[in-house]
1. Out of region 92-110, which residues are surrounded by fewer than 10 Cβ atoms within 10 Å (Cβ to Cβ) and either under 32 Å from the mean Cα position of the chain (by Cα) or of a type outside the set (Lys, Arg) (or both)?
2. Could we say that THR124 is out of contact with any helix residue (DSSP H, G or I) (no Cβ under 6 Å at 6 or more places or on another chain), open to solvent by 50 Å² or more (accessible area, probe 1.4 Å) and not in a loop (DSSP other than H, G, I, E, B) here?
3. Taking GLU186, is it surrounded by fewer than 15 Cβ atoms within 10 Å (Cβ to Cβ), acidic (Asp, Glu) and under 20 Å from HIS65 (Cα atoms)?
4. Of ALA154, ALA115, which residue is open to solvent by less than 40 Å² (accessible area, probe 1.4 Å), outside any strand (DSSP E or B) and in contact with an Asp or Glu (Cβ under 9 Å, 6 or more places away or on another chain)?
5. May I ask you to list the residues in region 1-53 that are modelled with pLDDT under 65, open to solvent by less than 90 Å² (accessible area, probe 1.4 Å) and either part of a loop (DSSP other than H, G, I, E, B) or not hydrophobic (A, V, I, L, M, F, W, C) (or both)?
6. Restricting the search to region 176-213, which residues are within 19 Å of ALA154 (Cβ to Cβ), modelled with pLDDT under 95 and hydroxyl-bearing (Ser, Thr, Tyr)?
7. What pairs can you find where one residue is in region 137-148 and without any contact (Cβ under 8 Å) to a residue 24 or more places away in the chain, the other is of a type outside the set (Asp, Glu) and part of a loop (DSSP other than H, G, I, E, B), and their Cβ atoms are less than 6 Å apart, with a gap of 6+ or different chains?
8. Is it the case that some residue within region 49-61 is free of Cβ contacts under 8 Å to residues at least 60 places away in the same chain, out of contact with any helix residue (DSSP H, G or I) (no Cβ under 6 Å at 6 or more places or on another chain) and closer than 25 Å to ALA184 by Cα?
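The values are calculated or read from the model by the stated rules, or taken from the named source; none is laboratory data. Computed from a prediction, not measured in an experiment: that's the story for all the values here. When we count neighbours, we look across all protein chains shown, and the Cβ atoms used for this are built from the backbone with ideal geometry, even at glycine. Remember, those area values only see protein heavy atoms, side chains included, never the ligands or the DNA or RNA. Shrake-Rupley method; radii C 1.70, N 1.55, O 1.52, S 1.80 Å.
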Amino acid sequence: SDAPPDPFVSAVGAFPGGKESRFYRGFVISTAATLGLAMAAIFVGIALQAHALIREELLTRARAHFNSIVIARKWNVQYGGVFVEKVPGVESSAYLRDPDVRTEDGRVLTLKNHALMTREISETADSEGLLKFHITSLKPLNPANAPDAWEASALRLFETGVREAFEDIREGKRSIYRYMAPLAVEKSCLACHAEQGYKIGDIRGGISVRFEF
């Protein structure tokens, strides 16, 4: 026959002794390995991107919580604190001067300043499993406001100019996100803190936020 030779047969014939099968097997293995590495790299890249997005979302959430409590504190300060009726379960602060007043009808009201308000909001939020605020300082007037080790480290960083601190940690089986930013001394702060040597603009403490994620 005058038909042209089959190129596949010609190619196979070029590999004497079965070398063609080893060639194709090696080609398939190398191709599969390359594809596998490429897919692994893609999945690793997606995982890293997802991790970064989650961390950014947690940081944004923590900043929003911090800013919300700061705004609430400013509202309290601009009215000089708020008075609530001293019913059973409501205690007067031992760290405020003359916190109680009596109304003409005989009721007793007690002052809740911005620090007390912050702590009580934190207690309410924590009891509902939402989050926890903690106002703290390296020189607290109230021992309940003493910092834990993480907060103390953040407060020392704030004194060097660092503007925020954040970290996610493990507590048993729980993942906890911690965030803290500083509070600077304002004119309204000096009524309670001037005797500690603070001046307007000094870092007098901070508010930490923690929540589970």
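1. ALA94, ASP98, GLU104, ASP105, GLY106
2. yes
3. No, not satisfied.
4. The conditions single out ALA154.
5. Passing the criteria: ALA3, ASP6, SER10, GLY13, ALA14, PHE15, PRO16, GLY17, GLY18.
6. TYR198, the sole residue that qualifies.
7. If the second residue must be of a type outside the set (Asp, Glu) and part of a loop (DSSP other than H, G, I, E, B), the pairs left are ALA146/PRO140.
8. yes
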